There are 2 protein chains.
Amino acid sequence: MTLTGKMLIGQQLICGNREAIRAINPATNAALEPAYLGGDGEYVAQACALAWTAFDPYRETSLEARATFLESIASHIEALGDELIERAIAETGLPPARIQGERGRTCGQLRTFARTVRAGEWLDVRVDTAQPQRQPLPRPDLRQRHIALGPVAVFGASNFPLAFSVAGGDTASALAAGCPVVVKAHGAHPGTSELVGRAMAQAVKACGLPEGVFSLLYGSGREVGIALVTDPRIKAVGFTGSRSGGIALTQAAQARPEPIPVYAEMSSINPVYLFPAALAARSEALAQGFVSSLTQGAGQFCTNPGLVIGVQGPDLDRFIRRAADLLPNCAAQTMLTPGISSAYDSGVGALTEHANLAATGLAANGPNQGQAHLFVTQASDFLANEHLQAEVFGAASLIVACASHEEVRQVSEHLEGQLTATLHLDENDLPSAKALLPVLERKAGRLLVNGWPTGVEVCEAMVHGGPYPATSDSRSTSVGTAAIQRFLRPVCYQDFPDALLPGALQHGNPLLLRRLLDGQREA
Amino acid sequence: MTLTGKMLIGQQLICGNREAIRAINPATNAALEPAYLGGDGEYVAQACALAWTAFDPYRETSLEARATFLESIASHIEALGDELIERAIAETGLPPARIQGERGRTCGQLRTFARTVRAGEWLDVRVDTAQPQRQPLPRPDLRQRHIALGPVAVFGASNFPLAFSVAGGDTASALAAGCPVVVKAHGAHPGTSELVGRAMAQAVKACGLPEGVFSLLYGSGREVGIALVTDPRIKAVGFTGSRSGGIALTQAAQARPEPIPVYAEMSSINPVYLFPAALAARSEALAQGFVSSLTQGAGQFCTNPGLVIGVQGPDLDRFIRRAADLLPNCAAQTMLTPGISSAYDSGVGALTEHANLAATGLAANGPNQGQAHLFVTQASDFLANEHLQAEVFGAASLIVACASHEEVRQVSEHLEGQLTATLHLDENDLPSAKALLPVLERKAGRLLVNGWPTGVEVCEAMVHGGPYPATSDSRSTSVGTAAIQRFLRPVCYQDFPDALLPGALQHGNPLLLRRLLDGQREA
């Protein structure tokens, strides 16, 4: 497939009219062809108009048709073959195995949502049958289902060019819910975006769906991004990226005449707690696991362990020493973009100013490489200095040494909202872990014991979300099947004749759903 | 029980320090004793501090303990006896049967939420068991439940002094979810609020719960209301009232360093569609039903039918004539407050300016009485004039005569978000109703056939919500058991030992919940 450098508005490949974006190979700083001309508000309006036209028919497609569409997207992505892998590697500097794995995750995610769509639990069907004899007033027949919110704007992330991008989790869950999607491609991987976008457009066509179900735009966040979020036909937003980007989109969405929900996944430093018994028993193994999680993928994960918390003493010292011994063997790794690389250097600079440097990884020996950094500070300093809580996107982490369990608790209460919190503990740590748990439940969306936060399983129980500013909306997850709920709203039908009811609510239950019938769950 | 005029901060009756609020009997304009001195930010901070202290223990109460608490509130409200009924009548001008019915609804609602709490479906327990042998990576054990968001601020509504006030739907659903509640009493019924508030405080004590689970404040919206919504310990807001009030609270909540969700139910004109066959068959009966729904309770319902839409012709004319014949027999009714009464008069004035007056009810013969008004306009005028879509709270309605089905559709697309939309139809209307349905699903939270929108059942399937500006968050309902979901967020536990897991997630399923286990719903 020859890359065209064009946007996809429905089935049409259309050339933009604004400044050209060219991907940069971060490993070489070479610009990659073709140029992707950005769009302006006019293209946004076209894509939204198509999405709006597609909305009513698409949201009433059968569960089977919609599931088949999601599976078809997966197959079309797989059919791109090595071209997709090679382009993604060139645009991101990520290693082949990682991109291959990510393709598997992306397609697996689409197929998981297909199963979710077919199972139909997301419709949350509730039926309260009529009670015509009830006193003092009869009860009408009331039936509830969930319907799609409307067209959704999706902003791809830089660090997962497949799994959190054009056909990533936001897109998959919005399509599963019955929402057309307009994606603004991330400027760091436009070619990867075009390949995946064209696979999606092929799936739309193969499934006979209205073309407006999917469009793909290029352009600046300030112009195309804001135009998209403020278009009246867009009814929700999915975003993964920086805190400033997420806040800008959220504010634009709230300033609309009709405000809309924004699901922005923004920033997290993912505290890791080292409890005393665990630290005494295996500080060296913990240090090894930590350094490995910290440096994985150049630390470019939202769940990267950017903060380690423990009670000071010889065991914590041993952990720090071991981590500081290991880090100098860790190679600098090419980061995703020149911008991310320089932001990392600034973040490291700020930490250097406010905390004590414990160790660094090997120095960079090529462009845009991130050198791992480990810092140490006292809890009292951490509590006094907001800079130490800022996310530094990359392989940098800060160890906070606390004087006591009580100070561990203070540091925890002082934390902003997080995607994850990790507890390393042994049997003897259970009482103090239990005491800290209520704080952590209030602070994070996912809590882990004796693992590392990097690695986010796509499944039913996953929560990739958390209190502000980890996300803009803690009531949801952006990974896992529950992500579909972000794009739905309930509608109640009162005394409707069967002929007018959607299939999910008809008296004969033709979709064989497990409804909540007069307060009882059907078997 | 002697009314004290005091706020309730936990178990303490505390006198405010700001301007006194006195209820007005709207039937006589007489001020009622005692005076309720408003609080300031200091009292808000005290109540929020107590709520925060109560939060962790309260959210982990057993399902049984929490359900018993809700039932205890209902019993304590019933034990107030006639004193509550009499005070509510004096403060609102509503008739005794209505207040008695509303007490029944309020207590029934608390008991319904008790059943919901016990059933435990709201926990949405999902378990994905470990797959240690999986390739290329093992799957950890992942378990999800929902936990309470945090202390909730509730703003009582004027028009339901019991069911949407101190112990109303917002409070009941927040307590059911595990959230402590701080209520700002509505200034129109402070005595009713004190009585119910003290019943609630008694229930808190009787159930041995931390006192901060419930507080009740008086004061101005601008001072106490904003202080409450911006207190960092408040994590969500429930509000029923005006659009301007809802927007002010929403903006304050979004401007916080940590923005929080606001569930504001604000304004709706509840379009009623008269389809041709139904109109031909029974225009007179429809007119009778309409006038009765319009004038019920002086029209002071969020679901009052403020808009009627039909295709012009002799049948619609007959409907209008019949309604215009009936209206002059409808007595003017005492409205809830002098403020609501004068706002109604202004709203009627605006409609008089922009539409044609078809009929009025009997003129007022006492203070604060609302005279019913019926207006007629052409669809083209309705489409051209935004004033005609403004909610007029009271017994005023506007009939929009459309030239064609296509114009009915245009008018429908032009509507703002609504709580309800009602379709009066016969067999022969089904095709045109079906064609309009997608528009109505996008516009309203509840759709009714051959009924009237006033009357909102408390049940599983109810949706009392809808797209903006009907509510600030269309993804939810403020009536019915699904309202509990507004105050919850998911938390995932990865590889937790049983000793550290909450009961709902333990391996042995001690709460006997119907979990989603490895993608399959347990029986």
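Pairs to check: B:Lys184/B:Lys235; A:Lys434/B:Lys205; A:Lys235/B:Lys235. Give those whose C-alpha atoms are more than 18 Å from each other in this structure.
Numbers: B:Lys184/B:Lys235 15 Å; A:Lys434/B:Lys205 27 Å; A:Lys235/B:Lys235 24 Å.
Over 18 Å Cα-Cα: A:Lys434/B:Lys205; A:Lys235/B:Lys235.
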Pseudo-label separations to other copies for A:Ala280 - Cα-to-Cβ vector, 7 Å, nm: 8.9
Whole-angstrom gap from segment B:90-143 to segment B:287-347, using each part's C-alpha centre: 37
Principal-axis tilt of helix B:405-414 within chain B, Cα atoms, nearest 10 degrees: 50
DSSP bridge orientation in chain B - percent antiparallel, rounded to nearest 5: 40
10 Å-binned pair-distance histogram of segment B:271-449 (Cα, whole percent): 10, 40, 37, 11, 1
Förster-model FRET efficiency, 60 Å R0, A:Ala390 and B:Ser404, C-beta, rounded to 0.05: 0.50
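Roughly what % antiparallel, to the nearest 5, for the DSSP beta bridges in segment B:271-449? Mind showing how you got there, number by number?
On the way: 6 of 29 bridges.
Around 20 percent antiparallel, to the nearest 5.
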Tilt relative to chain B, helix B:41-59 - C-alpha long axis, 0 to 90 degrees, to 10: 60
Residue-averaged beta-carbon neighbours from other chains (10 angstrom radius) around A:478-491: 4
Residues in segment B:68-107 reached by a label modelled at B:Lys205 [backbone nitrogen below 15 Å; 7 Å Cα→Cβ]: B:73, B:76-77, B:80
For B:Glu64, label point 7 Å along C-beta direction: distances to other copies, nm: 4.7
Segment A:353-384 versus segment A:194-241: alpha-carbon centroid distance in Å: 39
The protein assembly as shown: antiparallel DSSP beta bridges as a percent of all, rounded to 5: 40
Shielding by other protein chains, A:442-451, mean Cβ within 10 Å: 6
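If you wrap a convex hull around the alpha carbons of chain A, what volume per residue comes out, as a whole number of Å³?
Considering the Cα atoms of chain A, their hull volume per residue is 164 Å³.
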Cα-projected label distance for A:Glu86 with B:Glu78, points at 7 Å along beta-carbon direction, nm: 7.7
7 Å along Cα→Cβ, label-point gaps from A:Leu13 to other copies, nm, shortest first: 8.0
At least 50 Å² of accessible area lost relative to the chain alone, listed for segment B:130-149 with a 1.4 Å probe: none
Accessible carbon and sulfur surface of the protein assembly as shown relative to its total accessible area, %, 1.4 Å: 53
On Cα atoms only, tilt of B:82-92 relative to the major axis of chain B in degrees: 50
Number of partner chain Cβ atoms within 10 Å, mean per residue of A:252-260: 3
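Taking square-rooted eigenvalues a ≥ b ≥ c of the alpha carbon gyration tensor, is the protein assembly as shown rounded, prolate or oblate, where a/c under 1.5 means rounded and, failing that, a/b exceeding b/c means prolate?
It comes out oblate by the Cα gyration axes.
Counting pairs of alpha carbon atoms under 8 Å apart in space and at least six apart in sequence, what relative contact order in percent does segment A:271-449 give? Walk me through the numbers before you get to the answer.
Working: 345 pairs, mean separation 51.3, N = 179.
Across segment A:271-449, relative contact order equals 29 percent.
Let's see if you can work this out: charge +1 on each Lys and Arg Cβ, -1 on each Asp and Glu Cβ, no other charges. What is the dipole magnitude of segment A:271-449 about its Cα centre, in debye to the nearest 20?
Working: 9 positive and 17 negative charges, 69 e Å.
With Lys and Arg at +1 and Asp and Glu at -1, about 340 debye.
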Inter-label distance, nm, simple model (7 Å from Cα along the C-beta direction), A:Leu137/A:Asp40: 5.6
Ellipticity estimate at 222 nm from DSSP helix runs (n ≥ 4, -39,500 (n - 2.57)) divided over chain B, nearest 500: -12000 deg cm²/dmol
Virtual spin-label span in nm between A:Glu258 and B:Ala281, 7 Å along Cα→Cβ: 3.3
Segment A:394-472 and segment B:1-46: distance between their alpha carbon centers, rounded to Å: 43
Protection proxy ranking, peptides A:151-157, B:464-470, average beta carbon neighbours within 10 Å, highest first: A:151-157, B:464-470
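The values are calculated or read from the model by the stated rules, or taken from the named source; none is laboratory data. Computed from a predicted model, the values in this text were never measured in an experiment. All Cβ positions, glycine included, derive from the backbone under ideal geometry; neighbour counts span all protein chains shown. Side chains included, ligands, DNA and RNA excluded: accessible areas come from the protein's heavy atoms. Shrake-Rupley method; radii C 1.70, N 1.55, O 1.52, S 1.80 Å.
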